[in-house]
Amino acid sequence: MSWSGPEDIFLSTSLASYLDKKLLVLLRDGRKLMGILRSFDQFANAVLEGACERVIVGDLYSDIPLGLYVIRGENVVLIGELDMDREELPAHMICVSAAEIKRAQKAEKDATELKGSMRKRMEFLDLD
């Protein structure tokens, strides 16, 4: 494939078209990071400026500031551009502090673990 000029770079499937744009990056561990893409390499390692982690628990959310953030490419599941003209979240979502969202995360995790332990206790009944 021949390139006629630098503008053809933006026609490729590379991350170059996302440079200097606000992105949402979904990581392998489920975290959602937002920030402005400043740099990347052939392994999809990326540098986000003004990065923050968006944590959502039920109808609560919090954006935890991270600053300049380097992401290893093997941890990236999805990268998408955020539309700055649209509202990012539904109207019913409530923004809370980082401490409150951590408490909500812990409560959600505890409830999930309790449900799992109850299921294990009830396995002897063989309800299937």
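Within the range 12-36, the set of residues being open to solvent by 50 Å² or more (accessible area, probe 1.4 Å), within 15 Å of ASN75 (Cβ to Cβ) and not hydrophobic (A, V, I, L, M, F, W, C) comprises ARG28, ASP29, ARG31, LYS32.
Could you go through the range 77-86 and let me know if any residue there is more than 16 Å from the chain's Cα centre (by Cα) and aliphatic (A, V, I, L, M).
Step one: list which residues in the range 77-86 are more than 16 Å from the chain's Cα centre (by Cα), which gives 84-86.
Narrowing the set further to residues that are aliphatic (A, V, I, L, M) leaves 84.
Yes, the range 77-86 contains at least one residue that is more than 16 Å from the chain's Cα centre (by Cα) and aliphatic (A, V, I, L, M).
For the range 2-28, the tally of residues that are modelled with pLDDT of 95 or more and in a loop (DSSP other than H, G, I, E, B) stands at 1. Is it the case, given these coordinates, that ARG72 is among the charged types (D, E, K, R), without any contact (Cβ under 8 Å) to a residue 12 or more places away in the chain and over 26 Å from LYS106 (Cα atoms)? When the stated conditions are applied, ARG72 does not pass them. Residues in the range 37-62 that are closer than 17 Å to GLU88 by Cα and surrounded by fewer than 16 Cβ atoms within 10 Å (Cβ to Cβ): GLY50, ILE56, GLY58, ASP59. Of all the residues in the range 89-123, those that are basic (Lys, Arg) and within 19 Å of MET34 (Cα to Cα) number 1. Scanning the range 63-89 for residues that are surrounded by 14 or more Cβ atoms within 10 Å (Cβ to Cβ), at pLDDT 90 or above and farther than 19 Å from SER17 by Cβ yields ASP63, ILE64, LEU66, TYR69, ASN75.
Within the range 75-90, the residues that satisfy the criterion of being free of Cβ contacts under 8 Å to residues at least 24 places away in the same chain and under 12 Å from LEU24 (Cβ atoms) are ASP83, GLU88.
The values are calculated or read from the model by the stated rules, or taken from the named source; none is laboratory data. As the structure is a prediction and not an experimental result, all values here were calculated from the model. Glycine also receives a Cβ, built like all others from the backbone with ideal geometry; neighbour counts cover every protein chain displayed. Ligands, DNA and RNA are excluded from the accessible area calculation, which covers all protein heavy atoms including side chains. Shrake-Rupley method; radii C 1.70, N 1.55, O 1.52, S 1.80 Å.
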